[in-house]
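Asker: Before I ask anything, let me first share the structure, which is written out below as structure tokens.
The values are calculated or read from the model by the stated rules, or taken from the named source; none is laboratory data. Everything numeric in this text was worked out from a predicted model, so none of it was measured. All Cβ positions, glycine included, derive from the backbone under ideal geometry; neighbour counts span all protein chains shown. Areas reflect the complete protein model, heavy atoms only, side chains present, ligands, DNA and RNA absent. Shrake-Rupley method; radii C 1.70, N 1.55, O 1.52, S 1.80 Å.
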Amino acid sequence: MSLDCRRKEEYPNVMTRDELVPPYVTRGQRREARGSVGDLDWLTTAQPRVGWGTATPAATLCIQRLPVLIEPNKWSNREEGANEWMDAFCRLSGLDPLWDWNRTWYTANPDLTQCFQNTVLVWVPCIYLWLLAPFYCLHLYCHDRGHIQMSCLCSAKMVLGFLLASFGFVEFFYILLERSQDIQHHMVFLLSPIIRSMTVILAMCIIQLERIRGCRSSIFLFLFWVLAVVCALVPLRAKIQLAMDEGIASDIVRYLAFFSYFTIQLAQLFLCCFADQPPEGKIISEKNPCPVKDASFLSKILFWWFTGLVVKGYRTPLEAGDLWTLREEDTSQKIISDLEQDWTAECAKLQKQEKALASGVALGSRLPEQAQLLRKLQKEQSSGFFLLRTLARKFGPYFLTGTLCIIFHDAFMFAIPQVLSLLLDFMRDEDAPLWKGYFYATLMFLLSCLQSLFNHQYMYTCFTVGMRVKTAVMGLVYRKSLVINSSARRTCTVGEIVNLVSADTQKLMDFVVYFNAVWLAPIEIALCLFFLWQHLGPSALAGIATVILIFPLNGFIAKKRSKLQEIQMKFMDGRIRLMNEILNGIKILKFYAWEKAFLEQVLGYREKELKALKKSQILYSISIASFNSSSFLIAFAMFGVYVMLDDKNVLDAQKVFVSMALINILKTPLSQLPFAISTTLQAVVSLKRLGKYLCSEELKMENVSKAPLSSDGEDVVIENGTFSWSAEGPPCLKRISVSVPRGSLVAVVGHVGSGKSSLLSAMLGETEKRSGQVTVKGSVAYVPQQAWIQNATVQDNIIFGREKLKTWYHRVLEACALLPDLDILPAGDATEIGEKGLNLSGGQKQRVSLARAVYRKADVYLLDDPLSAVDAHVGQHIFDKVIGPKGVLRDKTRILVTHGMSFLPQADLILVLVDGEITESGSYQELLSRHGAFADFIHTFASTERKESAIQRAGSRRSNARLSMVDFMPFSRDLSQEQLIGGDTTNTNLQNMEPVSETDQEQVPEDLGKLTEVDKARTGRVRLDMYKKYFKTIGLAIIIPIVFLYAFQQGASLAYNYWLSKWADDPVVNGTQIDTDLKLTVFGALGFVQGVAIFGTTVAISICGIIASRHLHMDLLNNVLHSPMSFFESTPSLKMMLSYVFKLMEVCIIVLMATPFAAVIILPLSFLYAFVQSFYVATSCQLRRLEAVSRSPIYTHFNETVQGASVIRAFGEQSRFILQANDRVDFNQTSYFPRFVATRWLAVNLEFVGNGVVLAAAILSVMGKSTLSPGIVGLAVSHSLQVTGILSWIVRSWTDVENNIVSVERVNEYADTPKEASWSIENSSLPQAWPQNGTIEFQDYGLQYRKGLELALKGITLHIHEREKVGIVGRTGAGKSSLALGIFRILEAAKGKIFIDGVDIADIGLHDLRSRITIIPQDPVLFSGSLRMNLDPFDTYTDEEVWSSLELAHLKNFVSNLPDKLNHECTEGGENLSLGQRQLVCLARALLRKTKILVLDEATAAVDLETDTLIQSTIRTQFEDCTVLTIAHRLNTIMDYTRVIVMDRGHISEMDSPANLISQRGQFYRMCREARLRQ
């Protein structure tokens, strides 16, 4: 054994025996240590030291170089060398060595050596600044944000910097002068101030550079000042200690200098917390700029900049105007302008690849089908990859900063259990000084805080990137939809394209958030298991086994649930389909009084759906119970195996609670990993879909040559053109040669499918040009065959982005016959038109579409059959005033596709198309004289024109006389009177409709024409009544047991955790613990009980949800107002919230059990928590509402654009529409951005509250060290570590509950809306056979559609005799259908009465009335179900009666030839029957009921002449003894009626027999003339 005896003075770093074994080491440790130094030869007994190097001079000792004794001295040679150099350097200045463990760690009063304080602590901030400054300056050089003027803040920083630098220089010169003789012995004191001063000068230079480059808040300098202040804290403590010991007077100048220096450093740090003013020229001109721009670095990481909005939202409900404008870097314009170039370059590469592949295939050889399919897949894959690469290049660098944050977060997360281990070690060690406990407690608090900060910075980064990705993808898809060619467009429906921007962008956003979990989660799991192995050895494998078992169980459950979900979805689809049909055909149900039959059908679906849901929820409960018990199961397995393996394996507090902390960490990656993988896989699919769409073919610019307008010559020239709709498809137009002279009217005629519309498309460049040349000179205006109307006001639709010229605008309205329509619309031309023109009739839509083109004042007009959808007299008016030789477009070039024979003689040139070729061209007379195809066409058309125009007119105007849903759809405040009769509500998204309150209905609103009033966000928090209603619906009988179950579940959890702490505190006897089997059994039993309780509560809550859902759905159905929504959604979050609230209570109980004094801290923290939470919930709910409201306009606009792309292109309005799309996306992001920041703001603030609980538990445990066992401390601290997570979950769940309870609120509102009268009146004296005669009498009858509107029928007095046949005629909006609505009480009388057979119809039940009279509606509505159900849903009639009615309706042969006869399944809307057959089914319904009064509402308008004749003859024979009222558009159907009533603006203007009315030459006569019935 090598012994080395030296004098103590020569080895100041060597320790005496007392130093080697400090007095506070435990007896066992002391014995151990002594054992290993037992054979040392102690020459003298060393005196304990007073200070460094003050052992007695004679003290010498022999030391054995034993690395065992003091671990920290195991240094590498290099460290030793550096250390020796530093020691020598410090010794020169008369200082002790750099490091001394006895002084810093093994002592009751720790301190750092003078050498360390004067070198390392001074140099660390300086080294940081000097090392990183070049990189930071380079960063500033590359990112110029403008020049900031010298501000007060900057000046203050410079003054303070100057003072700090001058302190250093003064100190340097002071030492230089005072110690000039012995300068080499004061190098440390000489170097440190000069280094410090030079660093401060560098910092000042950086401040100036930041100012010049426009950097307003510096994270770089903030960290420097933090380091400087932290490093100065140790000398500060030493100075204060010395001043207290020796008094300040001994060296007052030095003390004052040091304290001043420290104060200025603190001031610099404080100033760094503020942001400077904006750069010159960038003074923000935005109305409401985002405060994050003005926020300092500290405010950014703590999200304090968001507080203003939260406070505002708390005071008054937020509105769209309160939200900040988007930061420039988040706007669509900024994001897409950069990205578009990158993507174009990537697309070019992809096309290059394709060409290379194509050329690789030998010429003439065709690829086999598999190879073609493979290439197609390869293209999709590579397009997805290219898109990902483009997005990564744009957003990757910012995303990587987030990734860095999550790595730091993980490092801190894993450090916490290690510190917990040290704290528990400290609690076990009786002799350990208290300062170590406080040190560990503070360290744990700091680590928790840093973990929170880094986690939320990561989440903030991810959501910001996600938001930008969404904007980018939406922008790219939108721009693509404007240039995609027709063949590519045909491969995807509008729905699929809208799905790309709704569903697929959402998948990409999720992918951004969860992508890092894919690679991080496995690392986290591995690290957890590694640390568990360290504590428990191979027993950790039992934990892995448990994890492996839990996963397949959940996988099996997920599989079973997905099958049940399929079943549930099948019934749900059926129910929703039926509900949609009910809502679309509600008027038919009302007319026939069929509501009850359909109600029962819906309930049948609902019951089956809820049955599947119940099974699914029980499985879900097992899954939840297994997951929530997973930490117990893993612990049980590991601890069980650990104590069973060996009796000597002792479970102490350290092992138990550090393992529990690690298991709690393990749960997060375990739950995230499957989700992250599935999210990634979904994102890959979405990328492929998006890539495929974005790489699809575009319209070629060379399809049409645009030329400026020349003074004469031809405006449109096609030379030998062949065109097709796709590159591979057959040509749709062949050998086309056309020259259209300037200012001429060209008519294009031909049979259906002959290529008329294709010819116009070819002129617009919409088709693929195979050969030839197309030239169009001047600007183009286009009217498509199917009118494309925007969801905007009538005026916006006509002006279409141009300036409004009043006189010209009025002239256009007049020419297009729109003035009468505008008089009817609630707000004239300011009336907003619904999606797809939902509140306009077909004719109105077509006229608005035409007006848009006329208003444009273009040079060339392409008109695709614009007159087909309007009445004959209106068509004639438009031709004369607009298109014809005397119209407003007479000087323009007009190409008109038409079926109207009467317009052809006035055309300059007629083109006859047959099968895509122009067979003849010339003027009308020329073509007739040739006796060719055109002449034949004219002859055939002459016979059918009346028929076809009538069908067309009726088809497009189907909605003209539809009966109103207004009375039970209080939200249709937009509809014109014509539409109030017939508003097509089929496309209305019923889920987004908000009912108008009674008060709103009383007054006529100012924004009468506003349609999207429906999408106004509700404000304020949900009333308490809603919760009461929800819980009342469930019933107290279930709620009370649920609360008890929760309490029981948490009690079991508390018990098993407490049991663990008691077990951990068990004394060790002979290296073992007694009764481990019993302890393990009790532990297992308590855990099992908790699992059962979790299962019970989950099942109970699911049943609650189902009960509430059933009741609320029933309420909704009974209100027949609204398609149902699933209220089940409001239950999981409620369950979550309850479980977390109880969990929080458990934590508080544990902490209070350990340290009752904690109540002093927990109480104020809980108040603070409640305070923060109330602020957040109010703001968050409102932001969510605003975000939802601003989302639908994006999809509406998208939908519109995709459908009207050809019109937008023809008018050259792409850039305006792109700007509109940008605005809508940006508007949505203005509420989405604060929504996710709100969550971060809350989480950061709450987690600091939670970390306060951690600190309190740890500090109080240290204070009560003498009385507390390690077990209870471990329990308290490990549980307090969960508080942060629990708190944020409670608030999130609470917010979800608030948001979901809105559903209950909505149902409640529909329950509160006005109801129609009762269906039947009990003890009614109405005779069974009523009405027997069928007389109808109106007495001063008036009717209005809504309070506040003028009367639609005004003082009608009329007597209709029995068996009388009465025709009702009049122009649109005259009040014809209103009479029918009045008779059926669809609308109640505003004044006056109606008597049927002397009975006032207002005194009887609605079903009693409606089931005794019959209507054949204009729209033949059928429901999905059997044919028999459609005829007789209540099974009231026998099969013979049904067959007989079918025979009379001329349907018997057709039905008897069907395989299922009467059970033939009709599809939705009866689509698998022709229009004529559907109309005959409606006739059969009427024949089956055979009541004394029959109302025909334009019943034959939509059928051909043959069916019309059949229906009319059947009505004449079968309803001969009935009273028949016919609302007619075809006057020929009522010419043989006994009386005709002519309605005009709600009055009866004429009434007499048809012959008499014609002879009077009044209004009826004029109508007949227009319809060319009489000359």
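Asker: Charges on Cβ only, +1 for Lys and Arg, -1 for Asp and Glu, centred on the Cα centroid of region 1184-1245; of Ser1206, Ala1188, Val1237, which one is farthest towards the dipole's positive end?
Answerer: Going by the charge dipole, the pick is Val1237.
Asker: Accessible area, 1.4 Å probe, largest first: how do Asp251, Asp715 sort? If you can, show how the numbers build up before the last one.
Answerer: Working: Asp251 65, Asp715 0 Å².
Largest accessible area first, the list is Asp251, Asp715.
Asker: Shifting gears a bit: Compute the distance in nm between two label points, each set 7 Å from the Cα along the Cα-to-Cβ direction, one at Gln506 and one at Glu430.
Answerer: Label at Gln506, label at Glu430, 6.4 nm between them.
Asker: What FRET efficiency comes out for the pair Met901/Lys1032, r = Cβ-Cβ distance, R0 = 51 Å, nearest 0.05? Provide the component values of the computation, followed by the final result.
Answerer: Values: r = 69 Å, r/R0 = 1.35.
Computed FRET efficiency for Met901 and Lys1032: 0.15.
Asker: Same structure, new question: Let me know the shape class of region 672-791, please: from the alpha-carbon gyration tensor, a ≥ b ≥ c as square roots of the eigenvalues, rounded when a/c is under 1.5, otherwise prolate if a/b is greater than b/c, or oblate. Kindly include the intermediate steps, with their values, before the conclusion.
Answerer: On the way: a/c = 2.65, a/b = 2.50, b/c = 1.06.
It comes out prolate by the Cα gyration axes.
Asker: Further question: Which distance in nm do the two modelled labels at Met569 and Asp342 give, with both placed 7 Å along the Cα-to-Cβ direction?
Answerer: 3.4 nm
Asker: Which value, in debye to the nearest 20, describes the size of the charge dipole of region 743-865 about its Cα centre when Lys and Arg Cβ atoms bear +1, Asp and Glu Cβ atoms bear -1, and nothing else is charged?
Answerer: The dipole magnitude comes to about 400 debye.
Asker: Between Leu132 and Asp915, what length in nm is gained on full extension when 0.36 nm per residue of separation is reduced by their alpha carbon distance? List each step's numbers first, then the result.
Answerer: Working: separation 783, 0.36 × 783 = 281.88 nm, distance 7.64 nm.
Using 0.36 nm per residue and subtracting the Cα-Cα distance, I get 274.2 nm.
Asker: Moving on. To the nearest 0.05, what FRET efficiency results for Ile1040 and Lys615 with a Förster distance of 35 Å applied to their C-beta separation?
Answerer: Numbers: r = 26 Å, r/R0 = 0.73.
Between Ile1040 and Lys615 the formula returns 0.85.
Asker: Computed FRET efficiency, Cβ-Cβ of Trp1059 and Val120, R0 45 Å: what is it to the nearest 0.05?
Answerer: Numbers: r = 48 Å, r/R0 = 1.07.
In this case the efficiency is close to 0.40.
Asker: Once both labels are modelled 7 Å past Cα along the beta-carbon direction, what's the Ala597-Ser711 spacing in nm?
Answerer: The modelled label-to-label distance comes out at 7.5 nm.
Asker: In Å², and per residue, what accessible area does region 109-176 have when probed at 1.4 Å with the other protein chains present?
Answerer: Dividing the accessible area of region 109-176 by its residue count gives 53 Å².
Asker: Still on this structure: What shape does region 521-613 have by the C-alpha gyration tensor, where a ≥ b ≥ c are the square roots of the eigenvalues, rounded means a/c under 1.5, and otherwise prolate means a/b greater than b/c and oblate the rest?
Answerer: On the way: a/c = 6.89, a/b = 4.51, b/c = 1.53.
Judged from the Cα gyration tensor, region 521-613 comes out prolate (a/c at least 1.5, a/b above b/c).
Asker: Now for a different question. Between Lys804 and Ala249, what length comes free when the chain is fully extended (0.36 nm per residue of separation minus the Cα-Cα distance, one decimal in nm)?
Answerer: Details: separation 555, 0.36 × 555 = 199.80 nm, distance 8.64 nm.
Roughly 191.2 nm would be gained on extension.
Asker: Another question, then. Report the residues of region 641-659 in range of a label on Thr1072: point 7 Å along Cα→C-beta, backbone N strictly under 19 Å from it.
Answerer: 641-652
Asker: Take the Cα atoms of region 706-857, find their three principal axes, and give me the spread along each one in whole Å, biggest first.
Answerer: Here the Cα extents, ordered largest to smallest, are 51, 37, 25 Å.
Asker: Grab the Cα-Cα distance for Asn1463 and Val311, subtract it from 0.36 nm times how many residues apart they are, and report the gain in nm with one decimal.
Answerer: Details: separation 1152, 0.36 × 1152 = 414.72 nm, distance 6.37 nm.
Using 0.36 nm per residue and subtracting the Cα-Cα distance, I get 408.3 nm.
Asker: Loop only by DSSP, 11 or fewer other Cβ within 10 Å of the Cβ. Give me the GluC sites (Glu not before Pro) in region 646-751 that pass, ordered by residue number. If you can, show how the numbers build up before the last one.
Answerer: Numbers: sites: Glu697, Glu698, Glu702, Glu714, Glu719, Glu728; in loops: Glu697, Glu728.
Loop-located and lightly packed - Glu728.
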